[in-house]
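These notes are about the structure you will find just below.
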Amino acid sequence: MPLDKATVARIATLARIRVPEGELEGLAAEMEKIIGWVEQLDEVNTDEVPPMASVVDVDLPWRADKVSDGDCRDKVLANAPDKAEGFFAVPKVIE
Amino acid sequence: MNELNRLTMAQARDGLAQGEFTSVELTQAHITALESSRELNSFVTETPEQALAAAKDSDVRRGKGEAGSMEGLPIAIKDLFCTEGVLTTASSHILDGFTPHYESTVTANLWRAGAVMLGKTNLDEFAMGSATVSSYYGPTVNPWQRQGDDKPLVPGGSSGGSAAAVAARLALGATGTDTGGSIRQPASFCGIVGVKPTYGRCSRWGIVAFASSLDQAGPMTRTVRDGAMMLGAMAGHDAKDSTSADRPVPDFEAALEKGVKGLKVGIPEEYQMEGMSAELLALWDQGKEWLTAAGAEMVPVSLPHTKYALPTYYIVAPAEASSNLARYDGVRYGLRVEGGTLQEMYENTRGEGFGDEVTRRILIGTYVLSAGYYDAYYLKAQKLRTLISRDFREAFAKVDVLLTPTAPSPAFAIGEKMDDPIAMYLNDVFTVPASLAGLPGVSVPAGLSGDGLPEGLQLIARPFDEETMFAAARALEEAADFNAEPALMAGAGS
């Protein structure tokens, strides 16, 4: 599968990263090299191998479903680049 | 008092306990050292006033007989740990001005033990790199130089600022994080000890996430004893991290005395790779001889899937990163670059906020997770991860610990290996396999290369058996008797 300019542009849109038109070609070449390199994994037959789900052998813990934190709106908003009336502010989404 | 920054952490602890000096004096000596070594660019943020205030409080606590295990000891914190009220950047433009209103669990544990923070150290942007050259705040310089050559070298990475600060005697120790080698490889490049504990030993809560199934915090120090001491203060169960292990933290320092008599040390044959320097092979052989002389038995073992570890890592880590870094969108913290619509604002913010390597990894991660490719790449990599982990489990049925080199080369010059991402990735060829299997590993400075640069040997142990790892590391350290010092060391005529 060739990793061309159009593919990189599509991936960049999915990842919400603006990539200048002039950099797409170079990125495509680099990514194709990296993807080509990781494809050596195809040498290994893994038909009967389960994918790893957890790196250490532990069960995820359970906890009671109750609120244990909160009531700190101002702290949550403190680093926001833009805020209004106790909310995060973003460009208008609905016309 | 101007030599207090030359003490090891354990020596400083004992000096404080015996009243030979105060934490304020010890901390001031480090602040002075730090101010005289800014050309290393090892810190993103220095916090001298807070450090002195904390040292003063520590001296008061000690006076009342309330000294903790790290009481009054000044350390540096990788700028990937959220610190309440102190700028936290991950060395990325996209976190401009981010000042957390909370403290990471690992740093909170250190402060509870009495430690004093000197500042936040530089790293590769979002911990993605092996040279600390991708930091938005510029590269960190390794305090070591080649003999007769003052060309600036990289400190390794991503915890390069922490490694340089500890090697240059600017801090008694520093925290690092290790995803594929980011503690062990810079420790090797800077001639210090770097410990990556078992996945789950330290809480990840409050650490800026890179690849959540791999990230682990650990100590970077000048001696194995200091590493054992500091890990004891960092580790422990934390309900806020569901992958944090609910098991007691052993007395790691006590384990140093266990020795290696009768210990079976595995030598993985696949770690002897093509193109390895004769020098590195000789160092590895030397390590085997040292441990044999100390009473251990060398046992050849095979880890057949070793060569697939790096390509597996470069699917898994970018995939997890692309998901974790989705949170940087210009809405809740950090940089915002305006745009006509919400989507444009996201794209502009992330386009400007992320550097080249981070962008590359997010794109790779997005690609391998995208519709139609998930099975071919991500699922395949997770299956390889099972095989790699199985290799280790089978080896550890026969041996107690593994001995390998830490990095394929000593430190290289700033600017080298920059145009080929894969050449840079190869730095982690010996450290990534243990990361994929969640195993503890430590790099111990073992000798100098022909041109006078430090090189480390790595020990890898069973999950949650850091005690055996520390015992072997101590034996290696004792035999290596590494006491060379870097050219750019605070107080060394600089």
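Do you know which residues across the stretch B:480-494 are open to solvent by less than 40 Å² (accessible area, probe 1.4 Å) and modelled with pLDDT of 95 or more?
Hits for the stretch B:480-494 are B:Ala480, B:Ala484, B:Pro486.
Please indicate, with yes or no, whether at least one residue in the stretch A:32-46 is outside any helix (DSSP H, G or I), free of Cβ contacts under 8 Å to residues at least 40 places away in the same chain, more than 7 Å from chain B (Cβ to nearest Cβ) and more than 21 Å from the chain's Cα centre (by Cα).
Filtering the stretch A:32-46 down to residues outside any helix (DSSP H, G or I) leaves A:44-46.
Narrowing further to those that are free of Cβ contacts under 8 Å to residues at least 40 places away in the same chain: A:44-46.
Now drop any that are not more than 7 Å from chain B (Cβ to nearest Cβ), which leaves A:45.
So of that shortlist, the ones also more than 21 Å from the chain's Cα centre (by Cα) come out as A:45.
Yes; the residues of the stretch A:32-46 include at least one that is outside any helix (DSSP H, G or I), free of Cβ contacts under 8 Å to residues at least 40 places away in the same chain, more than 7 Å from chain B (Cβ to nearest Cβ) and more than 21 Å from the chain's Cα centre (by Cα).
Among residues belonging to the stretch B:315-333 that are facing chain A (nearest Cβ under 7 Å) and open to solvent by less than 10 Å² (accessible area, probe 1.4 Å), point out the one that is farthest from A:Arg16 (Cα to Cα).
B:Ile315
Check A:Ile11, A:Ile34 and return the single one that is within 21 Å of B:Leu379 (Cα to Cα), in contact with a Phe, Trp or Tyr (Cβ under 6 Å, 6 or more places away or on another chain) and open to solvent by less than 40 Å² (accessible area, probe 1.4 Å).
A:Ile11
Checking B:Tyr425 against (1) among the aromatic types (Phe, Trp, Tyr); (2) more than 30 Å from B:Val444 (Cα to Cα); (3) within 9 Å of chain A (Cβ to nearest Cβ), which test does it fail?
Failing condition for B:Tyr425: (2).
Only one residue in B:Glu274, B:Glu338 is under 30 Å from B:Met418 (Cα atoms), without any contact (Cβ under 8 Å) to a residue 60 or more places away in the chain and in a loop (DSSP other than H, G, I, E, B), so which one is that? First the steps, then the outcome.
On the way: B:Glu338 fails: under 30 Å from B:Met418 (Cα atoms).
Going through B:Glu274, B:Glu338 in turn, the sole match is B:Glu274.
Which one of the conditions (1) out of contact with any Phe, Trp or Tyr (no Cβ under 9 Å at 6 or more places or on another chain); (2) farther than 18 Å from B:Thr306 by Cβ; (3) within 14 Å of chain A (Cβ to nearest Cβ) does B:Glu466 fail to meet, given that it meets all the rest?
If we test B:Glu466 against (1) out of contact with any Phe, Trp or Tyr (no Cβ under 9 Å at 6 or more places or on another chain); (2) farther than 18 Å from B:Thr306 by Cβ; (3) within 14 Å of chain A (Cβ to nearest Cβ), just (1) comes out false.
Residue by residue, here is whether (1) among the hydrophobic types (A, V, I, L, M, F, W, C); (2) more than 26 Å from B:Ala167 (Cβ to Cβ) holds:
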{"site": "B:Gln28", "(1), (2)": "no, no"}
{"site": "B:Thr32", "(1), (2)": "no, no"}
{"site": "B:Ser36", "(1), (2)": "no, no"}
{"site": "B:Phe43", "(1), (2)": "yes, no"}
{"site": "B:Thr47", "(1), (2)": "no, no"}
{"site": "B:Ala53", "(1), (2)": "yes, yes"}
{"site": "B:Ser58", "(1), (2)": "no, no"}
{"site": "B:Arg62", "(1), (2)": "no, yes"}
{"site": "B:Ala67", "(1), (2)": "yes, yes"}
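Kindly indicate which of B:Thr175, B:Thr221, B:Thr179 is over 25 Å from B:Met489 (Cβ atoms) and open to solvent by less than 10 Å² (accessible area, probe 1.4 Å).
Only one candidate qualifies: B:Thr179.
With the structure loaded, tell me whether A:Glu25 is exposed (fewer than 14 other Cβ atoms within 10 Å of the Cβ), of a type in the set (Asp, Glu) and either facing chain B (nearest Cβ under 9 Å) or within 26 Å of the chain's Cα centre (by Cα) (or both) or whether it fails that test.
yes
Considering only the stretch B:357-398, how many residues are facing chain A (nearest Cβ under 7 Å), in contact (Cβ under 8 Å) with a residue 12 or more places away in the chain and charged (D, E, K, R)?
Qualifying residue count, the stretch B:357-398: 3.
Looking only at the stretch B:231-285, filter to residues that are of a type in the set (S, T, N, Q) and loosely packed, with under 15 Cβ neighbours inside 10 Å; which one of those is farthest from the chain's Cα centre (by Cα)?
My answer is B:Gln272.
For the stretch B:286-295, name all the residues that are in contact (Cβ under 8 Å) with a residue 60 or more places away in the chain and either open to solvent by 80 Å² or more (accessible area, probe 1.4 Å) or touching a His at 6+ places or on another chain (Cβ under 6 Å) (or both). Before the answer, list the steps.
Taking the stretch B:286-295 first, the residues in contact (Cβ under 8 Å) with a residue 60 or more places away in the chain are B:286-288, B:290-291, B:293-294.
B:Ala293, the sole residue that qualifies.
Taking the options B:Ser409, B:Ser435, name whichever one is away from every other protein chain (no Cβ under 14 Å), in contact with a strand residue (DSSP E or B) (Cβ under 9 Å, 6 or more places away or on another chain) and small (Gly, Ala, Ser).
Numbers: B:Ser435 fails: away from every other protein chain (no Cβ under 14 Å).
Criteria check complete, one pass: B:Ser409.
Conditions (1) within 21 Å of B:Ala245 (Cβ to Cβ); (2) of a type outside the set (Asp, Glu), marked per residue:
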{"site": "B:Phe392", "(1), (2)": "yes, yes"}
{"site": "B:Asp420", "(1), (2)": "no, no"}
{"site": "B:Asn427", "(1), (2)": "no, yes"}
{"site": "B:Ser435", "(1), (2)": "yes, yes"}
{"site": "B:Gly441", "(1), (2)": "yes, yes"}
{"site": "B:Glu477", "(1), (2)": "no, no"}
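Kindly indicate whether any position in the stretch B:106-120 is within 14 Å of chain A (Cβ to nearest Cβ), modelled with pLDDT of 95 or more and under 30 Å from B:Arg361 (Cβ atoms). Reasoning before the result, please.
Initial filter on the stretch B:106-120 (within 14 Å of chain A (Cβ to nearest Cβ)): none.
No: the stretch B:106-120 contains no residue that is within 14 Å of chain A (Cβ to nearest Cβ), modelled with pLDDT of 95 or more and under 30 Å from B:Arg361 (Cβ atoms).
Please specify each residue of the stretch A:1-54 satisfying the condition of being under 17 Å from B:Val368 (Cβ atoms) and of a type in the set (S, T, N, Q).
A:Thr7, A:Thr13, A:Gln40, A:Thr46
May I ask you to list the residues in the stretch A:57-95 that are small (Gly, Ala, Ser) and within 7 Å of chain B (Cβ to nearest Cβ)?
A:Ala78, A:Ala80
Please determine whether any residue of the stretch B:187-205 is more than 24 Å from B:Ser130 (Cβ to Cβ), within 14 Å of another protein chain (Cβ to nearest Cβ) and open to solvent by 10 Å² or more (accessible area, probe 1.4 Å).
Yes, the stretch B:187-205 contains at least one residue that is more than 24 Å from B:Ser130 (Cβ to Cβ), within 14 Å of another protein chain (Cβ to nearest Cβ) and open to solvent by 10 Å² or more (accessible area, probe 1.4 Å).
The values are calculated or read from the model by the stated rules, or taken from the named source; none is laboratory data. Being a predicted model, the structure only gives us computed values, none of them experimental. For neighbour counting, all protein chains shown are included, and Cβ atoms are generated from backbone atoms with ideal geometry for every residue, glycine included. Protein only, heavy atoms only, side chains kept; ligands, DNA and RNA dropped before computing areas. Shrake-Rupley method; radii C 1.70, N 1.55, O 1.52, S 1.80 Å.
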